[in-house]
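Q: Take a look at the following structure, please.
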Amino acid sequence: MRTGYSYRYTAVGGLFLALALALLFQLVRLQVIPDKDAFIKKEQAFLENIQIIEPARGLIYDRSGHILAANTTVYEVGVDLQTVQNPETIALTASVELGLDYYEVFGLVSQPPSNTARYVVIDNFVPYEKAMKLEELKSAFADATQVQRSSNGKPHSLVGLELRGHLIRSYPEDELAYNILGFVNLEGVGAYGVESRYNDMLSGQPEYVRVSNDPSRATVLPAIPDGASLILTIDREIQAMVESVLRTAVENSGAEAGSILVMQPETGEMLAMASYPQINPNEYWDVLDAYDDDTFYNMAISPYEPGSVFKAITMAAALDLGVVESDTVFIDTGYIMVGGIPIYNWDGGAWGPQTMLGCMQHSLNVCLAHVASEVGAADFYAAVEKFGFGRPTGIELAGEYPGRVRQPGDDNWYMSDLATNSFGQGISVTPIQMITALSALANDGQMVVPHIVQAVVDRGQQYPTTYQVAATPISAETARTITEMLAVSLEQEASVALVPGYRVAGKTGTAEIPTPYGYTSDLTNASFAGWGPVDDPQFLVYIWLQKPTISPWGSVVAAPVFKQVVERLVVLMDLPPDDLRQAMAMP
Amino acid sequence: MNQMLRIKQAYSQTPWRKQIQGMGMFLSVLILGALVAIVYLSVTSRTAAFGRKIQYTQHQIEIVEREIAEKQSSLAQLTSASEMERRAVEMGFRPVGSGQILYLVVDGYQERQAPQMAPDAQPMIVNVDIISPAFTESLLEWIQELIYLPPTSIGRMEP
């Protein structure tokens, strides 16, 4: 080798060595610098992205398998700014098909792509039909051999327009059972009803997975199980019938709101639970306008003063404690002083000698106040507690009110409260509490826990629920006695609640509504509770109409509603008339 | 010395042979490298193609699942209570009153049953005897069992 070239070889060799050392130094430096995590993240972001796999929300069925809550596909419409060819076409299409503002969309789509804006969303929750129309237009433009040019001189094109489908909740029955179901908001979170109560189960468990952008590293995404489905105890046909009757009853009575509940007293299964005013959960944003301070999303689990239907509870407790019997006579003088406060009857009259049956038949406040006084405050409130008042029943619905029972020892309890509470005034209960308590009267003394979920279907297995006895506040004998008393009182009164062919027991209720200044309003809460057939109760119906204007009395506005409900209920429940049923039961 | 040089020259290869050998070696390495590259590219491209197929299939699965949900929702709407009532009225049906029904006793008639969307959950049974004792017992245990086995059991073991 000539010496003239040797320095050049040395220089080139040194250069390569320096480069190698520099590379080695940089490699070592990248391993130890404080920003190494950021580098790793950037690399991973380039190689892969995090994808959330959202399981489909579980469905909700009625007791016969009809779908009450389903899922429907809607689309997010966006534009990939890197591939868009003609913003004018996209803006025009969005304006015509989606009703969006042309200039707003054009402005969004015309912006050059940047690190912060490569994809823009121009609309979301676009229905399936509209999305399919956009797909058709996109395909038509792509397949067209000759395309017209827009005002900017470019050929019309929808390249860059992207549709991304996702599921949202839909309620195919619209308003039906809205108060039981609740709704799911745009964030996918359940509100009210079973949607809220079972939100975690229904929504399932989303999973975050790393998805490689490199197709050679593509892997099968994990199969995420859908959210659990619910089968309710609600019968769709009975629910629809009850809602129809309630709507008509509210309109005809001039009431502000109302609720009707139907329960199977032996199992606590709710067959129907109607509430008015109704909303369509597909348009749940109306919820804010539909309700005020006096009306609630679900009236069936909201508080009110029940009035005389509560007398059935007071009388049942007194009979069970042996304080009175059905033929015990009380001399009604028209008023009674309890705790220094005079108590009068609903008509202000004196009814003279009355048996307990007569007291219930004529709904005498004075008599029931006397009975409660005889029972004594301690035993009366112990019985009220046994019947479950003052605490939630545990029905599987979000937002159940516990009601309020003031008891001896509370700051604001007075002796006169014992008298008023005995006929359902000054005590706050919910219709679901009332129907639960009355289930003891219709079910041989056993009070069942009301439930609305019949089974949960999760990961290919069905988990049925079982009925539970919450308490036995009265004996079977007492239950049969009070049922008989209430059946006879309806018959002797020739009540409009009576149903031809079926023997029913029941009690009306008319309660004054408290205002901040006391019971100053003329408006009332009208109620009726009834069950039947008396010899083997299969249904328990509770009716509440809030502030009826055509008449304040439960016997006038609520009792006929009971009859209407039961007449149709026995058909839907396949319940033959009593004589036929008893004849068929004979061997 | 010359003798040695001549012998060395006689056994040494000609320069062109050396060049051919060198080129042969180079080409061998080149071909081997090309083969490796071809195999690598083939495998990588096939993996990428299958990866794309997986991505496409997953996309299709998502679309099908959404379509199923959509159809399920549409079916529920078409068979909703209000829709069924409307269709029934259109067909001339009207609600029946309780007094208009003729009840008959039908032997074996079953009332409407609760819908069964999936099999009932069964309690998990842990079978502790899945593995045969023949695989777990020691020789000593086997001999002990033979010695202490009751006579009836031995009899049952006979063919």
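The values are calculated or read from the model by the stated rules, or taken from the named source; none is laboratory data. All figures in this text were calculated on a predicted structure; none of them were measured in a lab. Heads up, the Cβs are rebuilt from the backbone with ideal geometry, glycines too, and the neighbour counts pull from every protein chain shown.
Q: Out of A:S475, A:S428, A:S439, report the one residue that is touching a Phe, Trp or Tyr at 6+ places or on another chain (Cβ under 9 Å), surrounded by fewer than 21 Cβ atoms within 10 Å (Cβ to Cβ) and more than 14 Å from chain B (Cβ to nearest Cβ).
A: On the way: A:S475 fails: touching a Phe, Trp or Tyr at 6+ places or on another chain (Cβ under 9 Å); A:S439 fails: surrounded by fewer than 21 Cβ atoms within 10 Å (Cβ to Cβ).
Checking each option against the conditions leaves just A:S428.
Q: Which one of A:L545, A:L572 is surrounded by 15 or more Cβ atoms within 10 Å (Cβ to Cβ) and either in contact with a Lys or Arg (Cβ under 8 Å, 6 or more places away or on another chain) or under 30 Å from B:D120 (Cβ atoms) (or both)? Can you show your working first?
A: Numbers: A:L545 fails: either in contact with a Lys or Arg (Cβ under 8 Å, 6 or more places away or on another chain) or under 30 Å from B:D120 (Cβ atoms) (or both).
The unique qualifying residue is A:L572.
Q: Shifting gears a bit: I want to confirm something. Restricting to region A:532-542 and keeping residues that are within 14 Å of another protein chain (Cβ to nearest Cβ) and surrounded by fewer than 24 Cβ atoms within 10 Å (Cβ to Cβ), which single residue is farthest from A:L271 (Cα to Cα)?
A: It comes out as A:P533.
Results for (1) touching a residue at least 60 places away in the same chain (Cβ under 8 Å); (2) out of contact with any Asp or Glu (no Cβ under 7 Å at 6 or more places or on another chain), shown as yes or no for each residue.
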site: A:S422; (1), (2): yes, yes
site: A:T436; (1), (2): yes, yes
site: A:S439; (1), (2): yes, yes
site: A:D444; (1), (2): no, yes
site: A:M447; (1), (2): yes, yes
site: A:H451; (1), (2): yes, no
site: A:V457; (1), (2): yes, yes
site: A:G460; (1), (2): no, yes
site: A:Y463; (1), (2): no, yes
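Q: Looking only at region B:51-107, count how many residues are under 43 Å from the mean Cα position of the chain (by Cα), among the small types (G, A, S) and facing another protein chain (nearest Cβ under 7 Å).
A: 6
Q: In region A:245-279, which residues are touching a strand residue (DSSP E or B) at 6+ places or on another chain (Cβ under 9 Å) and within 14 Å of another protein chain (Cβ to nearest Cβ)?
A: Those that are touching a strand residue (DSSP E or B) at 6+ places or on another chain (Cβ under 9 Å) and within 14 Å of another protein chain (Cβ to nearest Cβ): A:V245, A:R247, A:Q264, A:T267, A:E269, A:L271, A:A272, A:A274.
Q: Assuming A:D410 fulfils every condition listed in (1) modelled with pLDDT under 95; (2) under 25 Å from A:G193 (Cα atoms) apart from one, which condition is it?
A: A:D410 satisfies all of (1) modelled with pLDDT under 95; (2) under 25 Å from A:G193 (Cα atoms) except (2).
Q: Starting from region A:55-73, keep only residues that are facing chain B (nearest Cβ under 7 Å) and small (G, A, S), then list their pairs with residues that are crowded, with 22+ Cβ neighbours inside 10 Å and not in a loop (DSSP other than H, G, I, E, B) whose Cβ atoms are within a distance under 6 Å, requiring at least 6 positions of separation or different chains.
A: As it stands, the answer is A:A56/A:N71; A:A70/A:S170; A:A70/B:S73; A:A70/B:A76, since those pairs meet every condition given.
Q: So which of A:V309, A:V366, A:V371 is surrounded by 22 or more Cβ atoms within 10 Å (Cβ to Cβ) and either basic (K, R) or in contact with a Cys (Cβ under 8 Å, 6 or more places away or on another chain) (or both)? Quick ask: steps written out before the conclusion?
A: Values: A:V309 fails: either basic (K, R) or in contact with a Cys (Cβ under 8 Å, 6 or more places away or on another chain) (or both); A:V366 fails: either basic (K, R) or in contact with a Cys (Cβ under 8 Å, 6 or more places away or on another chain) (or both).
Result of the check over A:V309, A:V366, A:V371: A:V371.
Q: Moving on. Regarding region A:550-566, can at least one residue be identified that is within 14 Å of another protein chain (Cβ to nearest Cβ) and part of a strand (DSSP E or B)?
A: Here is the first cut: in region A:550-566, the ones within 14 Å of another protein chain (Cβ to nearest Cβ) are A:563-566.
Keeping just the survivors that are part of a strand (DSSP E or B) gives none.
Checked region A:550-566: no residue is within 14 Å of another protein chain (Cβ to nearest Cβ) and part of a strand (DSSP E or B).
Q: Give A:P265, A:P342 a once-over and let me know the one that is modelled with pLDDT of 95 or more and of a type outside the set (A, V, I, L, M, F, W, C).
A: On the way: A:P342 fails: modelled with pLDDT of 95 or more.
That would be A:P265, the only listed residue that is modelled with pLDDT of 95 or more and of a type outside the set (A, V, I, L, M, F, W, C).
Q: Further, regarding this structure: A:E195: of a type in the set (D, E), more than 14 Å from chain B (Cβ to nearest Cβ) and either buried (at least 24 other Cβ atoms within 10 Å of the Cβ) or not in a strand (DSSP E or B) (or both), yes or no?
A: Numbers: of a type in the set (D, E): yes; more than 14 Å from chain B (Cβ to nearest Cβ): yes; either buried (at least 24 other Cβ atoms within 10 Å of the Cβ) or not in a strand (DSSP E or B) (or both): yes.
Spelling it out, A:E195 is indeed of a type in the set (D, E), more than 14 Å from chain B (Cβ to nearest Cβ) and either buried (at least 24 other Cβ atoms within 10 Å of the Cβ) or not in a strand (DSSP E or B) (or both).
Q: Can you tell me which of (1) modelled with pLDDT of 80 or more; (2) closer than 30 Å to B:A69 by Cα; (3) surrounded by 10 or more Cβ atoms within 10 Å (Cβ to Cβ) is the one A:N49 doesn't meet?
A: In the conditions (1) modelled with pLDDT of 80 or more; (2) closer than 30 Å to B:A69 by Cα; (3) surrounded by 10 or more Cβ atoms within 10 Å (Cβ to Cβ), A:N49 misses (1) alone.
Q: So which residues in region A:491-528 are of a type in the set (A, V, I, L, M, F, W, C) and under 19 Å from A:H362 (Cα atoms)?
A: Step one: list which residues in region A:491-528 are of a type in the set (A, V, I, L, M, F, W, C), which gives A:494, A:496-499, A:504-505, A:511, A:513, A:523, A:526, A:528.
Selection gives A:A494, A:V496, A:A497, A:L498, A:V504, A:A505, A:A511, A:A526, A:F528.
Q: Could you say which residue among A:S212, A:S229 is within 12 Å of chain B (Cβ to nearest Cβ), in contact (Cβ under 8 Å) with a residue 12 or more places away in the chain and crowded, with 17+ Cβ neighbours inside 10 Å? Working first, answer last.
A: On the way: A:S212 fails: crowded, with 17+ Cβ neighbours inside 10 Å.
So the residue among A:S212, A:S229 that is within 12 Å of chain B (Cβ to nearest Cβ), in contact (Cβ under 8 Å) with a residue 12 or more places away in the chain and crowded, with 17+ Cβ neighbours inside 10 Å is A:S229.
Q: Going through region A:290-328 one residue at a time, which ones are in a helix (DSSP H, G or I) and of a type in the set (D, E, K, R)?
A: Restricting attention to region A:290-328, the residues satisfying the condition of being in a helix (DSSP H, G or I) are A:290, A:299-301, A:307-321.
Once the filter is applied, which keeps residues that are in a helix (DSSP H, G or I) and of a type in the set (D, E, K, R), region A:290-328 yields A:K311, A:D320.
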